[in-house]
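K.L.:
Handing you this structure, nothing more for now.
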Amino acid sequence: MNDRKTHTRTYLGVPLTRPTVAFFELSSCEGCQLQITNNESTLLDFLSLITVVNFREAMTEKSDEYDIAFVEGSVTRADEEDRLKTIRKNAKVLVAFGSCACFGGVNQLKNRFNDSAWVKKQVYGDYPIETNDEARPLDAFVTVDLRIFGCPIKKEEVEKIVVNIALGKAIVHPKYPVCMECKANENVCLFDLGEPCLGPITRAGCDSWCPNSRFGCWGCRGPAEDANMEQMKEIMKKYGFSEETMLDRLECFGGFAKDAEKLRQMLAAKP
Ligand code: SF4
Ligand code: SF4
């Protein structure tokens, strides 16, 4: 993919470390890794900052010597737990890469069903694969140093984070919600177009990816700081959407698990 030697580059005369980087996948669709390989316009610049030593989607070589491990997917089997612990031992920095790794992602939807055989049948038909009963995020098993949110991740954001690592700069996630980016992008609010949206409570950083294409946000990046659930409920109600509609979205990626559980219990207790 690129030359394997680690060597020093400079930026404005400052030596930059060029970290060795490995990409791994646990249970996932591998869409987050695919986003990196899709990054044609800036891929070469991006790769000039790092030395990739492991990336099954893009190269055949493999190495257990890496500084940064990007791990995509959630843990759903015992062998994945073992693999994750080995990766943790090898890596100086372990990055939870995408919403499955950060929160369990879409995979965690299966945790709500008691009958795992039924779930397997629905998902895999006559070709079941081995999975544990629960899909869990990386930090249920190992220490995670950095989280990159999104389903899938936003490649521009990953590039910015990797550049900051190479420059030794802090990595700060936006605290504000998707609505801020949506307004900056001059979109018409989807509520005014008759579509529900979790933009008011979801962590920004995706550049309002879905609303830009007139799709309401499903909260794949998890809650913004100080996300106001009560106000979100009020907005849904004002525009004629039920609490069940809000619950569907809150449950989808696992980032709002606590809020979804609270709302689910509240709806179940309703006469
Ligand atoms: S479309 Fe969604 S993200 Fe955009 S302003 Fe409306 S609620 Fe916020
Ligand atoms: S708009 Fe919402 S669902 Fe879409 S990418 Fe951004 S955070 Fe995820």
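No lab work stands behind these numbers, since they all come straight from the coordinates. All of these numbers come straight from a predicted model, not from anything done at the bench. Every residue, glycine among them, receives a Cβ derived from its backbone with ideal geometry; neighbour counts consider all protein chains shown.
K.L.:
Return the sequence-ordered ³J(HN,Hα) values of region 41-53 in whole Hz as given by the Karplus equation 6.51 cos²θ - 1.76 cosθ + 1.60 applied to θ = phi - 60°, using x for Gly and Pro.
P.N.:
Once rounded to whole Hz, the list reads 5, 10, 4, 5, 4, 4, 5, 6, 8, 9, 10, 7, 10.
K.L.:
Once Lys and Arg get +1 and Asp and Glu get -1 on their Cβ, which of Ala140, Gly219, Ile129 lies farthest toward the positive end of the dipole of the chain?
P.N.:
So the residue furthest toward the plus end is Ala140.
K.L.:
If we count other beta carbons within 10 Å of each Cβ, what is the order of Lys92, Lys154, fewest first? Please report the intermediate quantities before stating the final value.
P.N.:
Values: Lys92 11, Lys154 18.
Least to most surrounded, the residues fall as Lys92, Lys154.
K.L.:
Another question about this same structure. So what's the gap between the Cα centers of region 133-158 and region 31-47, to the nearest angstrom?
P.N.:
Answer, in whole Å: 18.
K.L.:
Another question, then. Which residues' amide hydrogens lie under 5 Å from the amide hydrogen of Cys217, considering only partners 5 or more residues apart or on another chain, with H built in the peptide plane?
P.N.:
Here the answer is Leu198, Gly199, since their amide H atoms fall under 5 Å of that of Cys217.
K.L.:
For Lys120 paired with Gln265, estimate the spin-label separation in nm (one decimal), with each label point 7 Å from Cα along the Cα-to-Cβ line.
P.N.:
The two pseudo-label positions are separated by 3.2 nm.
K.L.:
Once you place label points 7 Å from the Cα toward the Cβ at Leu43 and Ala78, how far apart are they in nm?
P.N.:
According to this spin-label approximation, the distance is 3.9 nm.
K.L.:
OK, next. Provide Thr143, Thr17, Thr202, Thr131 in ascending order of the number of other Cβ atoms located within 10 Å of each residue's Cβ, fewest first. All intermediate terms of the calculation are to be shown ahead of the outcome.
P.N.:
Values: Thr143 8, Thr17 14, Thr202 29, Thr131 19.
By the 10 Å Cβ count, ascending: Thr143, Thr17, Thr131, Thr202.
K.L.:
May I ask for the angle, rounded to the nearest 10°, between helix 155-167 and the longest principal axis of the chain, with both axes built from Cα atoms and the value confined to 0 to 90°?
P.N.:
That works out to roughly 40 degrees.
K.L.:
So for the pair Lys175, Glu30, with labels modelled 7 Å out along Cα→Cβ, what separation do we get in nm?
P.N.:
Distance between label points: 4.0 nm.
K.L.:
Grab the beta carbon distance between Thr86 and Lys160, set R0 = 22 Å, and tell me the FRET efficiency rounded to 0.05. Can you show the working numbers first?
P.N.:
Details: r = 29 Å, r/R0 = 1.31.
About 0.15, to the nearest 0.05.
K.L.:
Sorted from fewest to most neighbouring beta carbons within 10 Å, what does the list Arg147, Arg83 look like?
P.N.:
On the way: Arg147 20, Arg83 15.
In order of increasing Cβ crowding within 10 Å: Arg83, Arg147.
K.L.:
Let me ask you something else. Sketch the reach of a paramagnetic label on Val93 as a point 7 Å from Cα along Cα-to-Cβ, and name the residues of region 20-41 whose backbone nitrogen lies under 11 Å away.
P.N.:
20-21
K.L.:
Counting only residues 5 or more places away or on other chains, whose amide H sits under 5 Å from the amide H of Glu25 once H atoms are built in the peptide plane?
P.N.:
Residues meeting the amide H criterion: Glu72.
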